[in-house]
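The values are calculated or read from the model by the stated rules, or taken from the named source; none is laboratory data. Everything numeric in this text was worked out from a predicted model, so none of it was measured. Note that each Cβ is placed from the backbone with ideal geometry, even for glycine, and that neighbours are counted across all protein chains shown. SASA here: full protein model, heavy atoms, side chains in, ligands and nucleic acids out. Shrake-Rupley method; radii C 1.70, N 1.55, O 1.52, S 1.80 Å.
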Amino acid sequence: MWIPDKGVSMCQLCTVEFSIVRRRHQCRLCGRVICGPCSANNVPIAYLGNKSERVCDNCFRTVQAKDGVGNVTS
């Protein structure tokens, strides 16, 4: 379920508040609104034609455990 990012004031993983410096990002798998440090990974997303997209750390770990797929981005 896609969560509207305007209604979220803090990262849904680490609970740090968003600001001008700490931006909101959307996990392309679970739809959570997370900060950059909690979404530094990309994985191929099937529903997007296997295009590599930003995912939250939880989804990244799940995908890695299941498929052994995913690349850490810097």
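So the values come out like this:
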{"quantity": "Helical contribution to [θ] at 222 nm, DSSP H n ≥ 4, -39,500 (n - 2.57), averaged over the chain, rounded to 500", "calculated": "-4500 deg cm²/dmol"}
{"quantity": "Label-point separation in nm, SER19 to ASP5, each point 7 Å along Cα→Cβ", "calculated": "1.9"}
{"quantity": "Sequence-distant residues sharing a close amide H with VAL43 (under 5 Å, placed H)", "calculated": "GLU53, VAL55"}
{"quantity": "In Hz, Karplus ³J(HN,Hα) per residue of segment 13-30 (6.51, -1.76, 1.60; θ = phi - 60°; x = Gly, Pro)", "calculated": "10, 9, 6, 6, 6, 6, 8, 5, 7, 9, 7, 7, 9, 10, 6, 6, 9, 9"}
{"quantity": "Listed residues VAL43, VAL21, VAL55, most fluctuating in the chain (Gaussian network, C-alpha, under 10 Å)", "calculated": "VAL21"}
{"quantity": "Rg(Cα)/(2.2 N^0.38 Å) for segment 1-58, N = residue count", "calculated": "1.09"}
{"quantity": "Accessible solvent surface per residue of the chain, calculated while the other protein chains remain in place, 1.4 angstrom probe, Å²", "calculated": "66"}
{"quantity": "Area projected by the alpha carbon convex hull of segment 30-70, averaged over all directions, nm²", "calculated": "2.7"}
